[in-house]
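In what follows, a single structure is set out as structure tokens and then discussed.
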Amino acid sequence: MAADPVRQDRIRLCVQNIYELVRACTTAQGATGGGQANNSVSMKIRHFHNELELHVHRHCLGALYRSEGIAALAQSQGIQSSLLRQEHTIPTNVLAGMVFRGIMQTKAIDGPAALCRFLLTQSVVTAITRTEDKDKLAIERWYEADRHGSKWQYTHPEFRMDSDLNRFDARPFLRYYKTGLAVIFWPTGETINLETDTLADHIRRVAPLPLYDWRTYFDGERMAA
């Protein structure tokens, strides 16, 4: 899985635009735009994901994580965009808040190259079917004894807008635990343990893929450790 020069340029420009947009924001809430504002950081992160060919109109061809329902579709009636959903396992408004915190508050993201590395390692997206979205993810569920039930549509039990970056022990797929959804890492066929799989596990899987290496887009730029 590699990025052609044209896509490399698009991804680089997309990251640079996100970085400058965040610097123009005054609050984390402004960066999220409620998840809907076209010029919000949240929406621009969605555009970044689209450049990785995760969009349904591209049949989620770039999706590294896919549900069993997607696999069944491929074997039966075929993949059709109207039957798919691009599920942001870590919601984009959560990522937008974390990016705002990293750039404007903690300074952990010190430039476009560092932002690119963050987005590539923490952009966990799962291709699912519309039926799975309706039947499995639309139910309320809870993951801690003192937490109210939630559908976790725009939130995550372990990633929050005010979270520190690179929480390697946090579990991206915990949002799907107790739903009956089965997720596969498509390049190898590995079945994901939704309860225990961590961000560190995800980073290990994508490390060999040039498309998910920040140096593919910002080679030669210095970045703080």
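The values are calculated or read from the model by the stated rules, or taken from the named source; none is laboratory data. Remember, it's a predicted structure, so these values are computed and weren't measured experimentally. Don't worry about glycine lacking a Cβ; one is built from the backbone with ideal geometry, like all the others, and counts go over all protein chains shown.
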| remark: Subset of region 80-94, residues out of contact with any His (no Cβ under 8 Å at 6 or more places or on another chain), assigned to a helix (DSSP H, G or I) and crowded, with 22+ Cβ neighbours inside 10 Å, comes to Asn93
| note | Per the filter on region 140-167, residues loosely packed, with under 13 Cβ neighbours inside 10 Å and among the hydrophobic types (A, V, I, L, M, F, W, C) are Ala145
| task | Might you let me know whether region 133-146 holds any residue that is in a loop (DSSP other than H, G, I, E, B), in contact with a Lys or Arg (Cβ under 9 Å, 6 or more places away or on another chain) and under 21 Å from Thr32 (Cβ atoms)? | result | yes
| said: Being without any contact (Cβ under 8 Å) to a residue 24 or more places away in the chain, part of a helix (DSSP H, G or I) and more than 15 Å from Thr92 (Cβ to Cβ) is the filter here; which residues of region 9-25 pass it? | reply: Asp9, Leu13, Glu20
| request: Scan region 28-52 for residues that are within 20 Å of Arg7 (Cβ to Cβ) and at pLDDT below 80 and jot them down. | output: none
| message | Within region 159-193, take every residue that is under 11 Å from Thr89 (Cβ atoms) and assigned to a loop (DSSP other than H, G, I, E, B) and give me the one that is modelled with the lowest pLDDT. | response | Phe159
| remark: The condition of being touching a residue at least 60 places away in the same chain (Cβ under 8 Å) and surrounded by 13 or more Cβ atoms within 10 Å (Cβ to Cβ) holds, among Leu137, Leu174, Leu181, only for Leu181
| query | Taking Ala63 and the conditions (1) assigned to a loop (DSSP other than H, G, I, E, B); (2) farther than 22 Å from Arg175 by Cα; (3) modelled with pLDDT under 90, which numbered condition does it fall short on, given that it satisfies the others? | reply | (2)
| field | Selection count, region 197-213, where residues are modelled with pLDDT under 95 and outside any helix (DSSP H, G or I) | value | 4
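Among the residues of region 112-132 satisfying the criterion of being among the hydroxyl-bearing types (Ser, Thr, Tyr) and not in a loop (DSSP other than H, G, I, E, B), which is surrounded by the most Cβ atoms within 10 Å (Cβ to Cβ)?
Quick first cut of region 112-132, residues among the hydroxyl-bearing types (Ser, Thr, Tyr) only: 121, 123, 126, 129, 131.
Filter once more, so that each one left must be not in a loop (DSSP other than H, G, I, E, B): 121, 126, 129, 131.
Details: Thr121: 20, Thr126: 26, Thr129: 21, Thr131: 13.
Top of the filtered list is Thr126.
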| query | For Val22, are the conditions met, namely being of a type in the set (Val, Ile, Thr), out of contact with any Cys (no Cβ under 6 Å at 6 or more places or on another chain) and modelled with pLDDT of 85 or more? | reply | yes
| note | Exception for Val99 within (1) at pLDDT 90 or above; (2) part of a helix (DSSP H, G or I); (3) touching a Lys or Arg at 6+ places or on another chain (Cβ under 9 Å) falls at (3)
